[in-house]
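What follows is a single structure, written as structure tokens, with notes after it.
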Amino acid sequence: MSFELNNPGYEIPPEMQGQVTITTLDKIYNWGRRSSVWPMMFGLACCAIEMICTATSRFDFARFGMEIMRPSPRQADLMIVAGTVTKKMIPQIVRLYNQMPEPKYVLAMGACASGGGPFKEGYNVVSGVDEFVPVDVYVAGCPPTPQALLNGFITLHKMIDKQSIKTVRWYRKGPEQPLPVPILGPDLIDPRKYIEIKEYTETKLEAQIAASQPAPDQPPATSAG
Ligand code: SF4
């Protein structure tokens, strides 16, 4: 550990190595965070099975200090979006993201979460979760293997290592705005607006029917036959 944290340029006498560490605030701060990233526990589709495999004994992401997945966003700092993101689910995903405290990260696992995957043209599928929440790491594959997900974690660790306390967003001044919870097109209905949607749909339908009727002073079309 001390070897990992030592800052180059500060030579420590051999007899003190292992007992004394000279490092920077950024380095020890990032080392602490990236060695204890806790993912939030939820899965959306088949990719979640691979995520579960990554947590079990053969691969075991506890080796990265990730230990258990947290069932509450308040105790998690990594959102693994594992699976197909449907329009029905995206408001819940954004709400969970908003409830996670900073520092927090998002990993898009697989083709579906990254860009819609094989269901990209589907009426009910979002073409990538990054349209709604900021994604830090993309893991390719359909499904990605546990090794690919572990590689995604290592990529995230490298990203955390490069951050500085001076510039990270969670220490910036000013209030933090939550991400807007999406209310998409007519196929994603906000139940609180059910009456408004119903009235809007009925009005629109009546207008369409009226537009398709012939004008009253217009003679009915006759066949030339
Ligand atoms: S990327 Fe493939 S394995 Fe993952 S959720 Fe989509 S279809 Fe399933």
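Its residue count N fixes a reference of 2.2 N^0.38 Å for region 25-171, and the Cα radius of gyration divided by that reference is 1.01. Take the Cβ atoms of Ile183 and Asn7, set R0 to 41 Å, and the FRET efficiency comes out at 0.25. Contact order for region 25-171, expressed relative to its length and based on alpha carbon pairs under 8 Å spaced 6+ residues apart, stands at 25 percent.
Counting only alpha carbon atoms, the long axis of helix 90-99 and the longest principal axis of the chain meet at about 40°. Taking each residue as 0.36 nm, the span from Lys88 to Arg58 lengthens on full extension beyond its C-alpha to C-alpha distance by 7.4 nm. Cross-link partners for Lys173 among the lysines, with Cα-Cα distance under 22 Å and sequence neighbours closer than 8 places in the same chain left out: Lys104, Lys162. Can you compute the modelled spin-label distance between Thr167 and Thr23, with each label point 7 Å from Cα toward Cβ, in nm? Those two pseudo-labels are separated by 2.1 nm.
Think of a 1.4 Å ball rolled over the protein heavy atoms: the chain then has 63 Å² of accessible area per residue.
Accessible surface of the chain, 1.4 Å probe: 60 percent of it comes from carbon and sulfur atoms.
Sorting the segments 20-33, 148-161, 76-89 by their mean number of nearby beta carbons within 10 angstrom, highest to lowest, gives 76-89, 148-161, 20-33.
The values are calculated or read from the model by the stated rules, or taken from the named source; none is laboratory data. All values reported here derive from a predicted model rather than from experimental measurement. For neighbour counting, all protein chains shown are included, and Cβ atoms are generated from backbone atoms with ideal geometry for every residue, glycine included. Note: areas computed on protein heavy atoms with side chains; ligands, DNA, RNA excluded. Shrake-Rupley method; radii C 1.70, N 1.55, O 1.52, S 1.80 Å.
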